[in-house]
C-alpha cells in the first residue's frame, strides 16, 4: 500500500502540523561538490594502509578514496531525496519552557481509530530537519529531549498514550520518557548502556554469545571510544572540523558505519547519511548528548532515577557496540519481553529492520491492552 495512504493526520492533531518536503537548493549540493573537488586526501601512511584490509588504526585510505570519488561523480542526491519524500514527512511547532521547537518527523498514520501509537527514536549518527528555538542558546539533555517529544505526541498529535522504542542515544531518551512521562506506557530498547549488576540481582545465567559480546565491549571501551570523549569534552572543536570539510565528515561518520555494523554497509548507503548531515548543517549541533553520557554527571540505564516499573522490552543484536546481556537488562526495570538475534549490530533498524520490527510488534501486542485497557 502506498505511503500516501498513511499520511492523513489524526482528527485531533494540532493545526500547527504541516506536511514537509525535503528539497535542498541545487546550489547547496553544488557547493558540496566544489568542496569535495578542492579537498585533498591524506597521503598514504602505515596507519591508513594496513595489509589485509585491517582497520584497527582507523579508516583506510583506499576506502576513503573510493567513497570520495563516488560522491563526486556517481551519487544521485535527488534520487535519495525522492525516496525520503516517498514517506509522509511533517513539521510541528512544539512549545516548551526552553522555547518553541520546530520538530521534523516521518510518520505512518493508521485509519483505524484503535491504532497503537509507537514512537521510534534514532541515535548517533542520525538526523532530522528539526530546528532549535532562535534564542537564547542553552544546554540540552535527555530529559529536555524526552519532554519535547512527549509534548509532540500527547499535546500536538493528541495521543493519550504511546509506546516508545530507541537505540543508541534514542535508548536513553526512550528510557527517560518511560521513567518521567505517564503517557509513555511501555519502553522497547535495542541498547542498554550499564555496568555489571551485583550477582544477587541476576536471575539467569548469561550465554556464551553474551559473554563474547562482553569481551568485545571491553575491547571497544579500550580502543573505540576516543570519538565519544571528543564529542563529550570538546564538541565545539570537533564540530568546527566536521562542519567545514565534507571529506572529514565522510571519514568521521563512515568509520562508524563500517566498524559498528555486523556487515559493512555499501558506500552508497553511507554517502546517503553523510550527505544528509552536510546538507542539514547539523553535524556540530547534534553532539549535545555526549557530554551528558560521559563523565561524572552521566546517568546510565541502571541509574535508580531511570528504573522502569512500566513494561520493558529488549532486543539483543550480537554486534551491538554495547551488547548487554538480557539478564543484566532485567535488573533495570520490568523486563517482560526479550529477543536474542544471531545477526545485526549497532544500527539494528538499518541492518535488521524486519527482525527489529517483529520484536516491537510482539512487545506492543503484549503490553498495550494490559496497560491501557484499550
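The numbers here are math on the coordinates, done by the rules we state, and not lab data. Given the structure is predicted, the values throughout are model-derived calculations rather than measurements. Cβ: placed from backbone, ideal geometry, glycine included. Neighbour counts: every protein chain shown.
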- Item | Backbone N under 18 Å from the residue 357 label point (7 Å along Cα→Cβ), restricted to segment 158-173 | 164-167
- Task: Give, in nm to one decimal, the length gained when the segment between residue 233 and residue 140 is fully stretched (0.36 nm per residue of separation minus the Cα-Cα distance).
- Result: 32.0 nm
- Given 0.36 nm per residue, what is the gain on full extension from residue 115 to residue 202 after removing their alpha carbon distance, in nm? 27.7 nm
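What's the FRET efficiency of residue 195 with residue 38 using the Cβ-Cβ distance as r and R₀ = 45 Å, to the nearest 0.05?
With a Förster radius of 45 Å, E is 0.45.
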- Please report Rg over Rh for segment 185-329, where both radii come from the alpha carbon positions and Rh follows the Kirkwood definition. 1.00
- Is the shape of segment 198-248 best called rounded, prolate or oblate, per the rule: a/c under 1.5 gives rounded, else a/b larger than b/c gives prolate, else oblate, with a ≥ b ≥ c the square roots of the Cα gyration tensor eigenvalues? prolate
- Message: As a footprinting exposure proxy, order 153, 176 by other Cβ within 10 Å, with the fewest listed first.
- Response: 153, 176
- Query: Using 1/(1 + (r/R0)^6) with R0 = 25 angstrom and r between the beta carbons of residue 31 and residue 93, what's the FRET efficiency to the nearest 0.05?
  - Reply: 0.25
- Using alpha carbon positions and the Kirkwood radius, the Rg to Rh ratio of segment 274-364 is 1.02
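Find how much the distance from residue 221 to residue 49 grows on full extension, using 0.36 nm per residue of separation minus their present alpha carbon separation; answer in nm with one decimal.
Using 0.36 nm per residue and subtracting the Cα-Cα distance, I get 59.5 nm.
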